[in-house]
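Working notes, structure below.
Read-outs throughout are calculated quantities, based only on the coordinates presented, and are distinct from any laboratory measurement. Given the structure is predicted, the values throughout are model-derived calculations rather than measurements. With ideal geometry, Cβ positions are generated from the backbone for all residues, glycine too; neighbour counts draw on all protein chains shown.
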Amino acid sequence: MPVKINNASVFTAMGNKPIEIREFFGKVNSGSEEISIARLICPGNWVEPGQKPDFDEYTVVLKGNLRVSAKDRYYDIKAGEAIIT
């Protein structure tokens, strides 16, 4: 059955600088624990602590660049590219 999301849940998360998270699907907004779909608005040089969520995280970079650090290497993701972690 389709589920319409009228508004994202908006909250602030901290790293070395605050960011805005607009969650459409996930634990907070839709009760889903398997996936998180959210828009993050991050300032340049933003860094957050490493994490291992219990869900798949799909990231699409709309503007700018993102560096993802994994155990064995870094991944540099540019606008128009995506990564799943």
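Restricting segment 1-49 to residues that are under 13 Å from the mean Cα position of the chain (by Cα) and acidic (Asp, Glu), the residue that is farthest from Leu66 (Cα to Cα) is Glu23.
Annotation note: of Glu57, Glu33, Glu23, Glu81, the sole residue that is loosely packed, with under 13 Cβ neighbours inside 10 Å and of a type in the set (D, E, K, R) is Glu33.
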